[in-house]
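Structure first, then comments.
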Amino acid sequence: MQGNYELHRSSESIQTGLRLSDFPPLLSAGPDDRVPLRVHGRVIWNRRWLILAIVVATVVVVAIQTLRQKPVYKAVGTLEIDMPTKSIATIQDFFPSANVPENYLQTQAKILSSGQLTSQVMDKLNLSHKVQLGLSSSRWSEQRTFQKRLNVQVVKGSELVQVAFESEDPSLAANVVNQLMSLYIKQTQEDRSETASGASSWVLGQLKETKAKLDESMDTLRRYEREHQLLSVNPDRERLMNIDGERLEQLQKELATVEGTRIEKEAIHRRLQAGDTQMLQSGFLEENLKKEAELEAQLAQISNKFGPKFPQVQRAEAELTEVRKILATERDRLSREIEAVYQSAVEQEALTRSEIEEQRKKVSGGSDLLMQDTILKRDVDLNQQAYEGLLQKLQEATNTASLRTVSARIVDPADPPAVSSHPGLLRNLGLALMMGLTAAIGLALGEEVLRDTIKTPGEVELDLNVLLLGVVPAVSKLIIHGSPDAKRNGFRVRGQGRRSSDKPESGQWFRLDRDGLNHYELSEAIRNLRTSLLFALEGKGPHSVLFSSSVPSEGKTTISSNISISLTQLGKKILMIDGDLRRPCLHRVFSIPNTAGLSEYLQEVCEWDDVVQATNIPGLDVVVCGERPVNPAELLSSGRMRQIIEQAKRRYDLVLVDSPTLLNMADSRILASCVDSVVLIVRSRATPKLLAKQACANVRGAGATIVGAVLNQLEIGDSEYSYSYYGYSKKTASLDQQEERA
């Protein structure tokens, strides 16, 4: 379904018989409709004062809080820390796993902000009594507050560390930073000197122990060589020992081969014991297996043919039995052979192992002496190397302890800052402005989204499942009787100083014949709605149409009356009936007396010809309400209501009925059952979807047909649905109306 927003439609186009498809739709309704940005902009503009109030309140609160805070100054100093090098002997050199150079600067940064250094700075500067750093008077809370104001960061890609401290006193902030860096340098020098001295003492003790082990190992080696006469080595003995070693190696290789053979034969033997006869293979066995298969096939063939007692069958059975005996004998023979091969492999493996054991004893008996001598010599060499290494470390540690090495230096000392770091008034105001604006706009858009109302033409067709006959745009200011009326927006009175239930006076109603020249958008919207209605009712002859809505103040009276005026401009003869017996207002729209009307006719006081009143618009007659009855629902349910509509259809081209709302009372449902079609009026961004759906259900429940819906008060951007976009202006509208009147 498509809702059509026609630009301009003259009376001639209706009379030519053009179809609705001859006019290209300017508005396509469907599930893919998207809300354009200009709609969001209009929502923001409509709530601009709320947004402005939220932003101003946020900025004022932040400004007051910022001005109430005392300025805080931040002093920054830079410290260069040298990475540890191998030229300086420390205790960590003897434990390489504990030395992690890549995390060294991070470790030193933690030391700078540690409780030990911060406590020394606080004591040296007497901060516990000089400056109130925290709310609590305890030492622990003061130190925690001090550490929170201290910030130590490592400069990436360098050996620099930045030390910053915040205080309300700029001189104090600079003194804290400088004192902290100086104390760190002093403590580092002392720690390294103490570590080097401790390392020297430790190395000296280890050196004495290693020297004793070296002397003991050398004495043991000399005693062993004297006892076993190993002062000179026999070359022939070494050659013989080499031969025995080669023989042992050869036997070990043979053992590996024999063991592999034994494992293979053992696997075959185990499969045979498990009943796997496939391992038994020989030419004789295969020949007899083939013969057995042939005899079984032959026996099966002749048995089926001659029977079991036939001589030829008995001979075949005897031959098959003989072949099976031969197969059993052959399998038994092959099994014994496999068993013999397996036992031979086991015996061969055991024999080889025995030879290896004898050869190993022979070799070890001659090489144990030389092996023990080699072990003793190795102990002497290891002790000698350890002794020399410790001697070198002792020399390095002694040199380090005698030097006052500098591991860190101050690159940039901290100076008292001239400008406070925070609170920054301009920065806080900027953040407050941004946050307030974001929150206000989010609140405005969120409130718009959460309002479950019909907003776009697509939602009319998608949610209500009815044809969209037309769209009536919202106008910022109506011009009534040639002068602007600031109290009206589109077709609705905003209600300044009046109750929303009060109806406007006759001079406040928009009428197409009187005020259309000043609002060509509304005029063309009414003409478009007229055209869509005529197309929807085409071919149905005289027709009666009820105009209603789900809730009050949706513009049904104004739209129905202006449609009737536009229909008369096409030469149609129209009758309007004021079916709202509770709050009638058609007599105010057309400035006619509210004397005898529908109420008197339904009470059988007069006939319907007596209640029809002519207006100052040619072709348009009106039946007003008359005196308000006490029982409107009962009067509308009478047969005279259907009778007056049927009689009017014989005299007029169209009968338009203005009715109350569909949800508040039963009048509209009663009237809907008396007419041919119903037009539902929906106000954009005001009519809840649930109520509109209930109104449609009420109409269908009464057995009436909804010919379509009208979306009233749609806020339209200039570049989206404006008539001037298509070259249609106020001057064109004026000329068109003059042509229609002519």
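The values are calculated or read from the model by the stated rules, or taken from the named source; none is laboratory data. These figures come from a predicted structure and were not determined experimentally. So basically every Cβ, Gly included, is an ideal-geometry build from the backbone, and we count neighbours across all protein chains shown.
Applying a threshold of 8 Å to beta carbon distances and a minimum spacing of six or more residues, or different chains, the list of pairs starting in the range 633-648 at a residue that is within 22 Å of LEU662 (Cβ to Cβ) and ending at one that is surrounded by 14 or more Cβ atoms within 10 Å (Cβ to Cβ) and of a type in the set (Gly, Ala, Ser) reads ALA633/ALA666; LEU635/SER599; LEU636/GLY579; ILE645/SER544. Could you check, for the range 672-689, whether at least one of its residues is surrounded by fewer than 16 Cβ atoms within 10 Å (Cβ to Cβ) and assigned by TED's automatic domain parsing to the domain that holds GLU538? Taking every residue of the range 672-689 in turn, at least one turns out to be surrounded by fewer than 16 Cβ atoms within 10 Å (Cβ to Cβ) and assigned by TED's automatic domain parsing to the domain that holds GLU538.
Selection of helices (runs of 4 or more DSSP H) fully inside the range 606-669 by the criterion of at least 1 residues being within 21 Å of SER548 (Cβ to Cβ) returns 632-636, 639-651.
Looking at SER566, is it touching a Ser or Thr at 6+ places or on another chain (Cβ under 9 Å), on the phi < 0 side of the Ramachandran plot and not in a helix (DSSP H, G or I)? No: the conditions fail for SER566.
For every residue, the table says whether it meets (1) of a type in the set (A, V, I, L, M, F, W, C); (2) surrounded by 12 or more Cβ atoms within 10 Å (Cβ to Cβ); (3) assigned to a loop (DSSP other than H, G, I, E, B); (4) at pLDDT 85 or above.
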{"site": "ILE54", "(1), (2), (3), (4)": "yes, yes, no, yes"}
{"site": "LEU67", "(1), (2), (3), (4)": "yes, no, no, no"}
{"site": "LYS70", "(1), (2), (3), (4)": "no, no, yes, no"}
{"site": "LEU79", "(1), (2), (3), (4)": "yes, yes, no, yes"}
{"site": "GLN147", "(1), (2), (3), (4)": "no, yes, no, no"}
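Here GLU102 meets the list (1) at pLDDT below 80; (2) under 41 Å from the mean Cα position of the chain (by Cα); (3) surrounded by 14 or more Cβ atoms within 10 Å (Cβ to Cβ) almost entirely, failing just condition (3). For the range 40-52, filtered to residues that are under 30 Å from the mean Cα position of the chain (by Cα) and surrounded by fewer than 18 Cβ atoms within 10 Å (Cβ to Cβ), the residue that is farthest from PRO457 (Cα to Cα) is ILE44.
For the range 588-600, residues that are surrounded by 20 or more Cβ atoms within 10 Å (Cβ to Cβ) and within 27 Å of ASP513 (Cβ to Cβ) total 4. Just checking, does the range 236-249 include any residue being of a type outside the set (Asp, Glu), out of contact with any Asp or Glu (no Cβ under 9 Å at 6 or more places or on another chain) and either part of a loop (DSSP other than H, G, I, E, B) or modelled with pLDDT of 75 or more (or both)? No, the conditions are met nowhere in the range 236-249. CYS674 fulfils the conditions (1) assigned to a helix (DSSP H, G or I); (2) closer than 28 Å to ASN465 by Cα except for a single criterion, (1).
A search for C-beta distances below 6 Å between a residue of the range 528-548 that is within 16 Å of SER561 (Cα to Cα) and any residue that is in a helix (DSSP H, G or I) and small (Gly, Ala, Ser), counting only pairs 6+ apart in sequence or on different chains, returns ARG530/SER566; LEU546/ALA672; PHE547/SER560; SER548/SER668.
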